[in-house]
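Everything on this sheet refers to the single structure shown next.
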Amino acid sequence: MINKSEWGTFILRVVLGITFFVHGLVKFQGGIENIAGWFGSIGLPGFLAYGVALLEAVGGIALIVGLGTRIVSALFALLMIGAIFKVKLAAGFLGNGQGAGYELDLALFAMAVSITITGSKIYALDQMIFKGKDYGSDTPKSI
């Protein structure tokens, strides 16, 4: 029987995956070169835009299907830390009228950290691939 917290984590995983996938897709559709230029304008190497967009798109799909959930979530948490401190912190929590604040980034960070800590087993490819193995188990095996 699947407990309520597993269902809650499943919902977080899918919503976080969809959110990041859409953000990555939009970066490619809107012209990744523009994003690379913007990265340069805020003091980051432009090539990082390609890595971020790829992580968001591919990582989003991976979360939706439950593949590499903890690793992808940890990478998303790091990405949100970077976004908060490099881009959004100066605008404040809710923004300053010229740009968005870091409230959404903080919520996405919390979701990613939660999934990194707990994992997500419901409808996850990880569970199908590593069935019978102790992959992602919360209970240590006794010796």
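The values are calculated or read from the model by the stated rules, or taken from the named source; none is laboratory data. Keep in mind it's a predicted model, so treat the numbers as computed, not measured. Backbone-built Cβ (ideal geometry, glycine too); neighbour counts: all protein chains shown.
Which is at pLDDT below 95 and on the phi < 0 side of the Ramachandran plot, of Gly30, Gly24, Gly40, Gly51? Talk me through it step by step, then tell me what you get.
Details: Gly24 fails: at pLDDT below 95; Gly40 fails: at pLDDT below 95; Gly51 fails: at pLDDT below 95.
Checking each option against the conditions leaves just Gly30.
Which of the numbered conditions does Leu78 fail, given that it passes all the others? Conditions: (1) surrounded by 16 or more Cβ atoms within 10 Å (Cβ to Cβ); (2) within 16 Å of the chain's Cα centre (by Cα).
Here Leu78 meets the rest and fails (1).
Filter segment 118-143 for residues that are surrounded by 10 or more Cβ atoms within 10 Å (Cβ to Cβ) and at pLDDT below 50; which is farthest from Thr9 (Cα to Cα)? Give the derivation first.
The initial filter retains those residues of segment 118-143 that are surrounded by 10 or more Cβ atoms within 10 Å (Cβ to Cβ), namely 118-130, 133, 135-137.
Applying the additional criterion that residues be at pLDDT below 50 yields 135-137.
Values: Tyr135: 17, Gly136: 14, Ser137: 15 Å.
For segment 118-143, the residue satisfying everything is Tyr135.
Output the residues belonging to segment 65-104 that are over 19 Å from Ile122 (Cβ atoms) and β-branched (Val, Ile, Thr).
Ile81, Ile84, Val87
It is to be established whether one or more residues within segment 83-99 are among the aromatic types (Phe, Trp, Tyr), assigned to a helix (DSSP H, G or I) and surrounded by 16 or more Cβ atoms within 10 Å (Cβ to Cβ). Show your work before the answer.
Just the residues of segment 83-99 that are among the aromatic types (Phe, Trp, Tyr), to begin with: 85, 93.
Still in the list and also assigned to a helix (DSSP H, G or I): 85.
Then drop every residue that is not surrounded by 16 or more Cβ atoms within 10 Å (Cβ to Cβ), which leaves none.
Taking every residue of segment 83-99 in turn, none turns out to be among the aromatic types (Phe, Trp, Tyr), assigned to a helix (DSSP H, G or I) and surrounded by 16 or more Cβ atoms within 10 Å (Cβ to Cβ).
Scan segment 105-117 for residues that are farther than 22 Å from Ala91 by Cα, surrounded by fewer than 19 Cβ atoms within 10 Å (Cβ to Cβ) and not hydroxyl-bearing (Ser, Thr, Tyr) and jot them down.
Val113, Ile117
For the structure I just gave you, tell me whether Phe28 is buried (at least 17 other Cβ atoms within 10 Å of the Cβ), hydrophobic (A, V, I, L, M, F, W, C) and farther than 18 Å from Asp126 by Cβ. Explain how you work it out, then say what you get.
Working: buried (at least 17 other Cβ atoms within 10 Å of the Cβ): no; hydrophobic (A, V, I, L, M, F, W, C): yes; farther than 18 Å from Asp126 by Cβ: yes.
In short, no.
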